[in-house]
Amino acid sequence: MIENALPVQTDGRLLRGEATRERVLDAAERLFAAEGFDAVSIRRIAAEAGVTLGVVGFHGGSKQNLMRTVLERRVEALNTRRRAALEALRDAKTPPALGDLVDAYLTPYLEYASQGDPQWRAYARLIARIANDDRWYPSVGGLYDPVAREYLRAMQQARPDAPQQELATALTLTVASMLSLVASRARIAGLSNRAPGSPMEYRDTLITFCLGGIDAVSRT
C-alpha cells in the first residue's frame, strides 16, 4: 500500500473543454433540429453556443462532421442500452421471442425521449428530419446499422423461414413509426381529444402495432 499518495487532480482545462464541446454540440443539435442542416451555418452555431468560429471548428470540424458528432453521442447511449437488452434476452433459457426483441429495440429510445431533456427532444426532431433524407445514409448509417443487424439476426433466428428483406423492411418501418411518435404526438392528441402524453405512454400500443407488422410479414 502506498502511503501519503496525493489525490488525483482533474485538470480544469479538460473540464472546461468538455463543457464547451457539449455546448457546441447542444447548439448544433437544436439548430439542425429546428431549421434543418442546410439552413444553419457554422456562424449561427457559434453564436448560439456563445463561442468563436474557431472553437466550433476545433470541436466539430466541418458542418458535415459536426452533424455526425451530434448524432453519434446519442447513438452511443442508445446502442449501449439496446445491446444490454439484447444480451439479457440471450442469457435467458429460451431463444428471444419476436415481441421481446421489438420491445428491447424500441424501449430505450422511448425512455430517453420521455425524460424531459430538451436536448433529447431536439435530437428526436433532428433524426425524424434526416431519416427520410437518403443523402445522410452513407455517412451516418454506420452509426445505427451494426446494432440493427444484431437485432435482425435475432429476429431471423426467431423466424428462420422469413425472407431477410421482409424482416429488414419491417424493422425499418418499425423505426419510422418510433421516430414519428417521439417527434410529435400532436395529431394523436387532436384525433383522440386528449392531451398528448410522453412517448413511454404509447409504448404498449407502438410495440403491438410494430410487432403485428413484423409478425405478419415474417409468416408470408
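Per the conditions (1) under 29 Å from A216 (Cα atoms); (2) in contact with a helix residue (DSSP H, G or I) (Cβ under 8 Å, 6 or more places away or on another chain); (3) open to solvent by 10 Å² or more (accessible area, probe 1.4 Å), the sole criterion not satisfied by Y151 is (3).
In summary, Y112 fulfils each of the numbered conditions (1) closer than 26 Å to T20 by Cα; (2) modelled with pLDDT of 90 or more; (3) surrounded by fewer than 13 Cβ atoms within 10 Å (Cβ to Cβ) with the single exception of condition (3). Within segment 86-95, the presence of a residue that is surrounded by 13 or more Cβ atoms within 10 Å (Cβ to Cβ) and among the charged types (D, E, K, R) is excluded.
Looking at R68, R44, R81, can you tell me which residue is farther than 25 Å from P146 by Cα and open to solvent by 60 Å² or more (accessible area, probe 1.4 Å)? Just one listed residue meets the conditions, R44.
Tell me, which residue of segment 128-171 that is under 23 Å from A77 (Cβ atoms) and of a type in the set (D, E) is nearest to the chain's Cα centre (by Cα)? If we take residues in segment 128-171 being under 23 Å from A77 (Cβ atoms) and of a type in the set (D, E), then D145 is nearest to the chain's Cα centre (by Cα). Of the residues making up segment 130-145, those that are surrounded by fewer than 13 Cβ atoms within 10 Å (Cβ to Cβ) and assigned to a helix (DSSP H, G or I) are D134, R135, P138, G141, G142, D145.
Out of segment 185-207, which residues are part of a helix (DSSP H, G or I) and surrounded by 12 or more Cβ atoms within 10 Å (Cβ to Cβ)? Outline the logic, then answer.
First pass over segment 185-207, keeping only residues part of a helix (DSSP H, G or I): 186-192, 199-207.
Answer for segment 185-207, where residues must be part of a helix (DSSP H, G or I) and surrounded by 12 or more Cβ atoms within 10 Å (Cβ to Cβ): I188, A189, P199, M200, E201, Y202, R203, L206, I207.
Of everything listed in (1) open to solvent by 20 Å² or more (accessible area, probe 1.4 Å); (2) at pLDDT 95 or above, the single unmet condition for A104 is (1). Taking every residue in segment 51-69 that is farther than 15 Å from G36 by Cα and pairing it with any residue that is at pLDDT 90 or above and not in a helix (DSSP H, G or I), at least 6 positions away or on another chain, the pairs with Cβ-Cβ distances below 9 Å are H59/V51.
Looking only at segment 154-182, residues that are within 25 Å of A84 (Cα to Cα), in contact (Cβ under 8 Å) with a residue 24 or more places away in the chain and part of a helix (DSSP H, G or I) come to 18 in all.
Looking for whichever is aliphatic (A, V, I, L, M), closer than 22 Å to T69 by Cα and out of contact with any His (no Cβ under 6 Å at 6 or more places or on another chain) here; the options are L181, L206, L152, L126. Which one fits?
Values: L181 fails: closer than 22 Å to T69 by Cα; L206 fails: closer than 22 Å to T69 by Cα; L152 fails: closer than 22 Å to T69 by Cα.
Matching residue, one of L181, L206, L152, L126: L126.
The values are calculated or read from the model by the stated rules, or taken from the named source; none is laboratory data. All values reported here derive from a predicted model rather than from experimental measurement. Heads up, the Cβs are rebuilt from the backbone with ideal geometry, glycines too, and the neighbour counts pull from every protein chain shown. Protein only, heavy atoms only, side chains kept; ligands, DNA and RNA dropped before computing areas. Shrake-Rupley method; radii C 1.70, N 1.55, O 1.52, S 1.80 Å.
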